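Please treat every number below as a calculation from the coordinates, not as lab data. Only a predicted model underlies this, so the values are computations on that prediction, with no experimental measurement involved. Positions of Cβ are generated from backbone atoms using ideal geometry, with glycine treated the same way; all protein chains shown enter the neighbour counts.
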Amino acid sequence: MGLEVAKSVAAGIAVGLALLQGLAMLQVQGKGPALFPFEKQVLRRWHRRGGVAALGLMTAVAAACVLGEGIYAYPFRVWVHAVAGTLAILVLLVKVVFTHRTRRLVRYNGLLGRAAGLLILIAFLASVAGYYLSSRF
Ligand code: HEM
């Protein structure tokens, strides 16, 4: 499997994970549909673990991008992708800090989670989708 395909698969998994993350936490907070047949504590635990997994995945993809391709004159689409991906990683890091260090700020985690999900989607659409559309058609 080439690096491009591996990164595409990982980025797709990150988008799917973000969607599941959001749905699980909304269910915990009683704000979304009750899709998962699990107790709130279980869903919260999975949200935490899934969030850290998403952070690791995004960081690994970002490292592969920078180390594999280097940074030079890219089209606008690629810059959008790089900025969105970097911001997503930073937002997730802030969530981890809020969750473990500054509990009084954890009320902002919902907002940050929505932002992270959106940024991950933008990074995905601007890279994987954009890459395949612009190079195949
Ligand atoms: C509607 C969407 C979301 C809401 C309402 C939400 C809410 C929360 C809350 C309340 C916590 C604190 C959990 C606790 O204290 O046990 C948290 C933690 C966290 N969330 Fe979200 N979140 C959302 C989406 C996301 C998404 C999409 C991601 C990642 C792709 C994410 C990643 C994380 C991470 C990394 C943590 C910290 C986990 C840890 O350090 O143990 N969240 N979120």
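Can you compute the charge dipole magnitude of the chain about its Cα centre, using +1 on each Lys and Arg Cβ and -1 on each Asp and Glu Cβ, nothing else charged? Give it in debye, rounded to the nearest 20.
Details: 15 positive and 3 negative charges, 152 e Å.
Value, rounded to 20: 720 debye.
Can you tell me which of 14-27, 95-108 comes out highest on packing, and rank the rest after it, using the mean Cβ neighbours within 10 Å?
Working: 14-27: 19.1, 95-108: 12.8.
Going by the mean number of other Cβ atoms within 10 Å, highest first, we get 14-27, 95-108.
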Under the Debye formula (equal points on every Cα, no solvent term), log10 I(q)/I(0) of the stretch 86-136 at q = 0.18, 0.29, 0.31 Å⁻¹: -0.59, -0.99, -1.06
FRET efficiency, residue 44 to residue 90 (Cβ-Cβ, R0 25 Å, nearest 0.05): 0.60
Highest-fluctuation residue, 35, 43, 90 considered, GNM on the chain with Cα pairs under 10 Å: 35
Kyte-Doolittle mean at least -1.0 and Cα axial length at least 30 Å: DSSP H helices in the chain: 3-28, 40-69, 76-100
Kirkwood Rh, angstrom, the chain [1 / mean 1/r, Cα pairs]: 15.7 Å
